[in-house]
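Reading through the structure tokens given below for one structure.
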Amino acid sequence: MSSGSGKKPLHFWILMSLVVGAIVGVIANVIAASNPAFKETLGTINDKIMGPVGSIFLAMIFMIVVPLLLSAIVLGVGEIGEVRKFGRIGGRTLIMTVVFSGIAVALAMIAVNLVNPGRGISQEKRDTLVAQYKDDADKKYAAAEAPEPPDPPVLGIVPKNPILEASRALSGGILPFMFFAIIFGLAMTKVDSEVVAPLRQFFEAVFEVSQKVIDMAMTLAPIGVFALIFKTGSSLGFDIFILLLKYAVLVLVVLAIHMFGVYSLLIKFIAKRNPMDFFRQCRNVMITAFATSSSNATLPVALRDAEKEVGLPKDISSFILTVGATANQNGTALFEGITIIFLCQLFGVELGMADQLKVLGLAIVAGIGTAGVPGGAWPVIGAIVKGFKVPGEAIGVVLGVDRLLDMSRTVLNVVGDMAIACCVSEWEGRGVAIPEEVQG
Ligand code: ASP
């Protein structure tokens, strides 16, 4: 995706500001350690400039949480509801979607709990981190975090008042709010389609506009990322970057395992195809997803190549790829699982078995609620971590390194849809071979 900032693409500027912000921040941290006067100035710079600049960028992302999640989930559930129209194909797609996403998130949870990338930080640094973000969060969410929330949701999940949950979506209301969206979406599929058409159109428009807002926020990313990374580096020093590196490598490794391990097995044993051929046939799709960081932007290429390269029946592939662009995001679900646990570890929040299962479920549903645009995962992650008492601003710590991860997880999102299309086609007895002339 290119931006208005000169001829270079936006991700170039984001990566530049990440590197420069980190280097300058760590240098400032080193100088401050031996120079009290500078330390004070640095504190002021962080409080008065870097903090607010970073917060504006993050607020642009947070402000869209409620409309984005509501519209994405209502439409996603609606599309899955369409499944009934497609009868058996739809049912099989649904099973595959749950299997693919479930394996992705389970893999993520196992890996992040084995490697524990967020734990290797001294208690002193953790306290600094917590204090720094707690201050910001306290100021910002003081009003939303009333000590005794009125009308708490039943079992913490079923809301009595969805408007109330929407207003505290960034302070723990996200799960009940998602529940409301799912029920609303399901109910819409049960009402006469003519009656419900205007409402559907309305949500489609809200979804489109929400994605544009994320796009707009992302154009601020080079500045926002610089401010966030500088603030983190200058107050925590070099150690934090070692943790971030560990986290980023973990995400990439688990994405690779899911892509080349899990997809290969599913392609070989369910779709009964050669996995190497499959990946070769998906090459254009992978390149487009990597370059654009957007499942939506890759959809046209995916639709074309599913037919021309992979040799899938058009009716099956167009249904699955279109539904999948919104409702099946394996790479994102996997990434969300790792990131939520990483942030909890970093901020010293211990998660028991029940909480881990909650993250697992949330990450699977979040795959549906994530828009297929660059950075689409962040509003959802911000809202979820707040529910675990990690300040939403904490995502600023990891957002700086996100671009490469975003490009990579988008590849899985789209290839996952192609793989499901292959499996369902085979299951339907229509896993046709590729015509000789289009091979290669
Ligand atoms: N960029 C991803 C996609 O378009 C969404 C995300 O994970 O941020 O599929």
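The values are calculated or read from the model by the stated rules, or taken from the named source; none is laboratory data. The structure presented is a predicted model; accordingly, all values stated were derived computationally and were not measured. All Cβ positions, glycine included, derive from the backbone under ideal geometry; neighbour counts span all protein chains shown.
Things worth noting here:
- Residue check, V249 closer than 27 Å to E426 by Cβ, in a helix (DSSP H, G or I) and hydrophobic (A, V, I, L, M, F, W, C): no
- Counted residues, the stretch 258-276 - those being away from the ligand (no atom under 15 Å from the Cβ) and either within 25 Å of I338 (Cβ to Cβ) or touching a residue at least 12 places away in the same chain (Cβ under 8 Å) (or both): 13
- Answer residue from the stretch 321-367, given it is among the acidic types (D, E) and more than 20 Å from A256 (Cα to Cα) and is nearest to the ligand (Cβ to nearest atom) among those: D355
- Qualifying residue in the stretch 37-46 (condition: among the basic types (K, R) and either surrounded by 17 or more Cβ atoms within 10 Å (Cβ to Cβ) or farther than 24 Å from G392 by Cα (or both)): yes
- Filter result for F202 (of a type outside the set (A, V, I, L, M) and closer than 23 Å to D402 by Cβ): no
- Any hit, the stretch 390-401, residues being buried (at least 23 other Cβ atoms within 10 Å of the Cβ) and near the ligand (Cβ under 8 Å from one of its atoms): no
- Scanning the stretch 217-234 finds one or more residues that are buried (at least 18 other Cβ atoms within 10 Å of the Cβ) and more than 22 Å from F62 (Cα to Cα).
- The stretch 283-320 - residue that is at pLDDT 85 or above and touching an Asp or Glu at 6+ places or on another chain (Cβ under 7 Å) and, of those, farthest from the ligand (Cβ to nearest atom): N284
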